[in-house]
């Protein structure tokens, strides 16, 4: 019993549409490969699904560009010409924008002012004043930020200095309390050394 003929129309159900696309895509890719192998034909195939995914097939012996170039030679249609013309138009627009910007820069530097009328010169002056205000505000902001940073550094250095100073003062105080009374024992030391000439007496002073 043969399979019934399927009406060719858009499948409304999204899931069924995706399944059908996947199956038929695999079938057409298989047929394209068979044409290339069995008939030595050069085949280029590009498919784009409704979700935007691209699937393609190209014969191993060529590239898409080579095949399109052959198509142009055989058919006489220049498929690259519209794209080239669009690129030329876009390039021309970019050149005009670039020339306009360069001219504005020269005018802001005080050049090419002869062709400007009074109103245009007033507008240029106002724009430059606004630019100067923006630069000045940015400069003051940078100065303020750097001043705050330096104040914090000075404060940190002051704290470190005070800490070191307290450490030195505490060490000096400890050395004074621990110093022996060398002046009180000086006379007895001399007398002991005189009675015992083979004994040397040394007087030690604490280091500060």
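The values are calculated or read from the model by the stated rules, or taken from the named source; none is laboratory data. What you see is a predicted model; the values in this text were computed from it and never measured. Positions of Cβ are backbone-derived with ideal geometry, glycine not excepted, and every protein chain shown enters the neighbour counts.
Name the residues in segment 1-33 that are over 47 Å from the mean Cα position of the chain (by Cα) and modelled with pLDDT of 90 or more, would you?
From segment 1-33, those over 47 Å from the mean Cα position of the chain (by Cα) are 1-9, 31; that's our starting set.
The answer is 31, and nothing else.
Would you mind telling me which numbered condition in (1) free of Cβ contacts under 8 Å to residues at least 24 places away in the same chain; (2) more than 45 Å from the chain's Cα centre (by Cα) residue 36 fails?
All conditions are met except number (1).
In the same structural domain as residue 69 (by TED's automatic domain parsing), under 30 Å from residue 70 (Cβ atoms) and in contact with a helix residue (DSSP H, G or I) (Cβ under 6 Å, 6 or more places away or on another chain) - does that describe any residue in segment 18-41? Outline the logic, then answer.
We begin by selecting, within segment 18-41, every residue in the same structural domain as residue 69 (by TED's automatic domain parsing); these are 18-41.
In the following step, the residues that additionally are under 30 Å from residue 70 (Cβ atoms) were identified as 21, 24-41.
Subsequent filtering for residues that are in contact with a helix residue (DSSP H, G or I) (Cβ under 6 Å, 6 or more places away or on another chain) retains 41.
Yes, that holds for at least one residue.
Select from segment 50-76 the residues that are modelled with pLDDT of 90 or more and surrounded by 11 or more Cβ atoms within 10 Å (Cβ to Cβ) and list them in ascending order.
55, 56, 57, 58, 59 - these are the residues of segment 50-76 that are modelled with pLDDT of 90 or more and surrounded by 11 or more Cβ atoms within 10 Å (Cβ to Cβ).
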